[in-house]
1. Quick one: in the stretch B:73-111, of everything that is of a type in the set (Gly, Ala, Ser) and more than 8 Å from chain A (Cβ to nearest Cβ), which residue is surrounded by the fewest Cβ atoms within 10 Å (Cβ to Cβ)?
2. Which of the residues belonging to the stretch B:145-168 are farther than 20 Å from B:Leu55 by Cα and part of a helix (DSSP H, G or I)?
3. Listed residues A:Leu102, A:Leu141; which is more than 26 Å from A:Gly53 (Cα to Cα), among the aliphatic types (A, V, I, L, M), in a helix (DSSP H, G or I) and modelled with pLDDT under 95?
4. Please work out if A:Met165 is part of a helix (DSSP H, G or I), modelled with pLDDT of 95 or more and among the aliphatic types (A, V, I, L, M).
5. Cβ-Cβ under 7 Å, sequence separation 6+ or interchain: first residue in the stretch B:179-201 and closer than 19 Å to B:Glu47 by Cα, partner aliphatic (A, V, I, L, M) and part of a loop (DSSP other than H, G, I, E, B). Which pairs?
6. Checking the conditions here, which among A:Ser116, A:Ser75 is assigned to a helix (DSSP H, G or I), modelled with pLDDT of 90 or more, outside the structural domain of A:Leu54 (by TED's automatic domain parsing) and under 26 Å from the mean Cα position of the chain (by Cα)?
7. Give the residue that is surrounded by the most Cβ atoms within 10 Å (Cβ to Cβ), with candidates limited to residues of the stretch B:222-235 that are at the interface with another protein chain (Cβ under 7 Å from one of its Cβ atoms) and either aliphatic (A, V, I, L, M) or under 16 Å from the mean Cα position of the chain (by Cα) (or both).
8. What are the residues in the stretch B:1-32 that are farther than 21 Å from A:Val27 by Cα, facing another protein chain (nearest Cβ under 10 Å) and surrounded by fewer than 15 Cβ atoms within 10 Å (Cβ to Cβ), if any?
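The values are calculated or read from the model by the stated rules, or taken from the named source; none is laboratory data. No experiment lies behind these values; they were computed from the predicted model shown. Virtual Cβ from ideal backbone geometry, glycine too; neighbours counted across all protein chains shown.
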Amino acid sequence: MRKELPIAICAVAALIYVVSTYISPTVFPAGPELVRELNVWYLLVFACAFAVGLVNLAQIHIRRITQRREGWQFSIILMSFMTLMLVLGVFTTGRGTYSDWLYQYWFVNPRATMYSILVFYIASAAYRAFRVKSFEASVLLVAAIIMMLGQAPIGEVIWGQIPKMSRWILNYPNAAGMRGITIAATLGGVATALRIVLGIERGHLGGMGE
Amino acid sequence: MIATNYVATVILELAFLIGLIVMISRARSGLKVPAIRKVAGLEALDEAIGRATELGRPVHYSPGIGDFQNAQTLASFAILGYVARMCAKYDTQLITTNRNPVVYSVTEEIVHQAFVAEGRADSFNPDDVRYMSDDQFAYASGVLGIMAREKVATNVMMGAFWAESLIFAEAGAITGSIQIAGTANTHQIPFFVAACDYALIGEELFAASAYLSKDPVLLGNLVGQDFGKIFAVAAMILGSIMATAGSNVLRDMLRK
């Protein structure tokens with residue numbers, strides 16, 4: 001029953017979504033309303049799970065602080081800001097409030113910094129990937145150089161055909177490969193969904209598909 | 001009866017589903033299922049976990065940042081189940097990090113069940129399945145910290161990834177981890193290919209549960225999936241020929 005019930009709920013919910021999408025609302029008028037209702041249920045489950053996540057985070061860091069594990073000072077910072085944000089978020093909402101200030105100036109900026117770090121990682125990954133060790137790596141290197149020169153004004157100064165070559169690489173070999181991967185992945189996604197709806201795959205229930 | 005612009009989609013999906021069900025039924029009735037090719041990334045999982053065991057360092061698993069409704073996240077659960085069982089078997093620490101709270105609840109249960117299945121329930125540490133943050137880059141910075149502090153020996157990333165993919169992969173490369181990654185997000189695949197030791201490309205992620213479990217029914221499903229691909233390729237070739245000859249019949253038919 002512990003596994004059959006979730007599978008049954010999953011199958012019924014999936015059927016509602018599929019029928020509501022594919023069957024015209026004039027034939028099945030209750031469809032859109034049912035989908036809206038299911039989305040509300042999902043939000044409720046998400047909210048409950050969020051609380052579970054919060055408890056997990058608190059447990060780990062409180063334990064780290066009380067046991068003085070390595071880096072426990074950072075856990076104090078995390079717990080302090082989490083509590084502060086929670087309290088301010090509950091009692092004040094909207095623009096110009098303390099919670100908004102905390103979000104805009106203490107959260108958005110570090111997040112942008114993390115995103116910016118990506119440029120250095122791209123450089124180091126590109127260095128490793130473009131080292132000419134094999135024929136494939138050489139092809140990658142040549143294509144990458146043409147692409148980079150094609151995107152920068154200097155490419156056109158060196159040779160007027162470079163931007164055209166760059167566009168050709170992007171629009172033909174690259175697009176063909178990407179579309180092939182996308183089509184196969186989409187079919188894989190549909191097949192995975194079917195396996196789950198039919199209860200064949202139970203990985204999400206803690207099993208291995210048995 | 002069928003909603004506007006969905007007629008061709010419904011017919012094609014029904015045909016695909018019938019094909020899958022036929023192949024699953026054949027497998028269930030014991031008929032021979034064709035062999036599937038080796039997937040290097042999945043073959044390497046055992047070796048990568050073994051390395052972590054030898055070094056006495058943890059394995060890190062990320063199911064990506066997709067939510068529970070994402071097919072890639074669902075496919076990732078089966079791989080997590082396998083990795084968790086292997087880690088339980090060899091008594092290796094497995095750190096699972098999560099961005100989505102619903103996914104966190106599921107991964108905790110999967111890892112717990114895997115340890116129970118291997119008779120190592122006492123070795124399961126709930127603190128090793130961690131909810132980090134709902135924010136993409138807060139999650140990314142948390143994972144970076146774990147990789148650096150805990151000196152992760154093996155980094156497995158399977159699921160839906162966006163900009164954080166390369167951040168994780170490079171952090172893993174810096175700490176000297178064996179890295180196995182898989183995603184169907186086409187714009188992130190090049191990053192994984194460039195930065196990881198093994199990469200599952202697109203559909204290989206969805207084939208993982210069948211590959212790892214060797215279950216004939218799941219393998220039958222894979223074969224059905226391949227028939228769908230053959231049909232898609234045939235339709236593309238036919239469509240290209242017809243379009244070149246000036247006929248848009250197939251294109252218009254698929255738009256209905």
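1. Filtering the stretch B:73-111 for residues that are of a type in the set (Gly, Ala, Ser) and more than 8 Å from chain A (Cβ to nearest Cβ), the one surrounded by the fewest Cβ atoms within 10 Å (Cβ to Cβ) comes out as B:Ala88.
2. Passing the criteria: B:Glu164, B:Ser165, B:Leu166, B:Ile167, B:Phe168.
3. A:Leu141
4. yes
5. Filtered contacts from the stretch B:179-201: B:Leu200/B:Val39.
6. A:Ser116
7. In this case the residue turns out to be B:Gln225.
8. B:Arg28 - this is the single residue of the stretch B:1-32 that is farther than 21 Å from A:Val27 by Cα, facing another protein chain (nearest Cβ under 10 Å) and surrounded by fewer than 15 Cβ atoms within 10 Å (Cβ to Cβ).
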